[in-house]
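Here's the structure, in structure tokens; my notes come after.
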Amino acid sequence: MKIDSFRTILALAAGLLATASTCGFSYITSDSSGLPFKWPPGSLAILIKLDEAGSSTTFNAGAQFSAQRWSAQLGDLQITTTTAAAGAATDHNHVNEMVFAADVFGKKFDTNVLAVTTTWVLGNQRTEGDLLFNSAISWGLYDGPRTSSTVDLRRVALHEMGHLLGLDHPDEAGQTVSAIMNSIVSSVDNLTADDITGAQNLYGPPGGAPANDNFASAVTLTLTNNAVTVTGTNVNATKQTGEPLHAGNSGGRSVWWKWTAPGAGPVNLDTRGSYFDTTLAVYTGSALTSLTAIASNDDLSATPHVQASAVTFSAASGTTYLIAVDGFNNNDSNGADTAGITLNLAFTPSGPTLPVITTQPASAIVTAGNTLSFSVVATGADSYQWQFNGTNIGGATSATYSISNVILSQAGAYRVTVTNNVGSVTSDNATLTVNTPTPPVTPPSSGGGGGGAPSLWFYGALSVLALTRFWRRR
Ligand SMILES: [Ca+2]
Ligand SMILES: [Ca+2]
Ligand SMILES: [Ca+2]
Ligand SMILES: [Ca+2]
Ligand SMILES: [Zn+2]
């Protein structure tokens with residue numbers, strides 16, 4: 001059990017209202033795994049018991065408002081609330097309660113403490129939290145600058161719910177940011193960008209599955225100086241039919257990256273910095289159901305227990321590696337663990353390497369008669385050859401290929417092969433779409449007549465993306 005306090009020291013409040021300049025969120029972490037404690041996906045139910053039966057106070061509604069503000073920012077967790085007449089909370093009864101209390105389950109509130117959140121955990125998983133608001137404080141409900149007469153319950157509820165979610169005090173972690181999660185109540189009356197980023201690292205942003213949920217949507221890793229660190233999330237990700245078990249674990253919420261080795265040499269790949277118990281696996285192959293396993297890992301260390309994953313493998317020049325990151329699934333009915341991912345890849349080429357395309361050519365839509373250019377950015381490139389529908393284009397041997405006075409027949413797939421003395425790599429296809437004026441269509445006939453033909457057509461300005469057309473009849 002961890003007891004956490006929210007202190008009020010008015011004399012210091014103004015000096016702490018610095019503008020956010022760095023990300024300062026921090027977490028309540030497990031001593032054994034170092035990972036944040038968090039709730040599994042789904043609903044986090046809080047029983048709010050702040051208003052006396054028959055009283056006219058509206059603290060329950062204020063706390064519900066705060067719960068809604070958090071829920072609106074989260075991807076796979078929603079705080080749900082029910083209310084009941086004011087009463088005591090019970091420690092370790094598997095009900096998350098929010099109450100006014102004269103003490104913390106028999107222990108006195110420390111001096112100046114407004115509220116306390118007590119929590120229980122099992123492994124990395126939070127199982128209960130009670131939010132105890134000091135009944136000796138004069139509480140109110142208001143926005144804006146805090147006053148000396150009453151303390152706004154809504155902002156304190158936001159703060160304590162942040163603890164329930166897993167956030168700690170950034171100011172006590174040595175950071176200077178504007179945050180509802182700072183340890184001293186201030187004029188901050190709503191969630192700040194820092195609070196939201198901190199919570200979304202644990203529960204993901206609102207929305208559906210991440211863009212790289214499916215194997216076919218693996219995101220390409222682009223290395224700089226032979227290394228890259230990317231971030232992502234497996235919140236709301238899924239497992240596809242036929243998908244292999246990554247690191248031998250059932251998982252269930254995988255996301256994918258891919259990387260084409262520009263040369264031969266050892267690769268170090270890990271998920272250090274992720275916010276949950278990951279699994280990691282590397283494959284070759286083009287179809288999800290017929291992949292060849294190259295390397296996989298669940299926990300990179302048993303003692304000390306590090307639940308991030310790490311693999312090393314020997315890359316072959318020109319081979320594309322598919323990288324899956326999933327959450328460890330301990331089959332407790334909550335599915336695979338989820339949260340923000342950090343993926344680190346470092347490559348040590350043992351010899352010269354192929355060119356590396358760092359910016360792929362982009363698809364374009366143009367109107368006939370206009371000019372367009374396709375460009376590629378590649379490191380280690382000696383020469384370029386552009387292709388149209390798979391056939392070399394004469395003279396198109398620079399990093400940029402321009403077409404002036406585009407005609408309809410030039411619509412199609414463009415790509416570029418980039419070559420050096422080790423070999424060649426070919427870019428992704430970029431699609432050229434050519435717009436032309438739409439031919440006239442027969443307008444609706446009037447009355448019972450025999451199809452009145454249009455007398456006059458006007459074509460509005462043709463732009464790259466929009467075609468505006470007007471017509472009228474005599
Ligand atoms: Ca309880
Ligand atoms: Ca997936
Ligand atoms: Ca793990
Ligand atoms: Ca689990
Ligand atoms: Zn606090």
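The values are calculated or read from the model by the stated rules, or taken from the named source; none is laboratory data. Note that the coordinates shown come from a computational prediction; the quantities given were computed from them, not determined experimentally. Neighbour counts run over all protein chains shown; Cβ positions are idealised from the backbone, glycine included. Accessible surface areas use protein heavy atoms only, side chains included; no ligands, DNA or RNA. Shrake-Rupley method; radii C 1.70, N 1.55, O 1.52, S 1.80 Å.
Tabulated results
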| quantity | calculated |
| --- | --- |
| Rounded percent of accessible protein surface that carbon and sulfur make up, the chain, 1.4 Å probe | 52 |
| Accessible surface, per residue, of the chain when the full set of protein chains is kept, probe 1.4 Å, Å² | 45 |
| For the range 356-435, projected area of the alpha-carbon convex hull averaged over all directions, nm² | 4.7 |
| Heavy-atom accessible area ranking, 1.4 Å probe, most first, across 32, 186, 375 | 32, 375, 186 |
| Accessible-area value, residue 436, 1.4 Å probe, nucleic acids and ligands omitted, Å² | 60 |
| Rg and Dmax [Cα atoms of the range 2-203; Å; Rg one decimal, Dmax integer] | 15.7, 47 |
| Cα-based Kirkwood hydrodynamic radius, the range 215-347, one decimal, Å | 14.6 |
| Size of charge dipole - the range 2-203 - debye, nearest 20, with Cβ of Lys, Arg +1 and Asp, Glu -1, no other charges | 80 |
| Residue-level accessible surface for residue 120, protein heavy atoms, 1.4 Å, Å² | 60 |
| Along each principal axis, Cα extent of the range 94-203, largest first, Å | 41, 35, 23 |
| Cα Rg, Dmax, the range 102-145, angstrom units | 13.5, 40 |
| Helix 59-71 vs. the chain, principal-axis angle (Cα, 0 to 90°, nearest 10) | 30 |
| In nm, spacing of pseudo-spin labels at residue 424 and residue 92 (7 Å Cα→C-beta vector) | 7.1 |
| Whole-Å semi-axes of the ellipsoid equivalent to the range 128-179 (Cα gyration tensor, √5λ, descending) | 21, 16, 9 |
| Rg(Cα)/(2.2 N^0.38 Å) for the chain, N = residue count | 1.29 |
| Dipole in debye (nearest 20) - the range 86-245, about Cα centre, beta carbon charges: Lys, Arg +1; Asp, Glu -1 | 120 |
| Mean ellipticity per residue at 222 nm, deg cm²/dmol - from DSSP H runs of n ≥ 4 across the chain, formula -39500 (n - 2.57) | -2500 deg cm²/dmol |
| Over the range 2-203, relative contact order from alpha-carbon pairs under 8 Å, at least 6 apart, % | 30 |
| Relative contact order computed over the chain (Cα-Cα under 8 Å; 6+ residues apart), in percent | 12 |
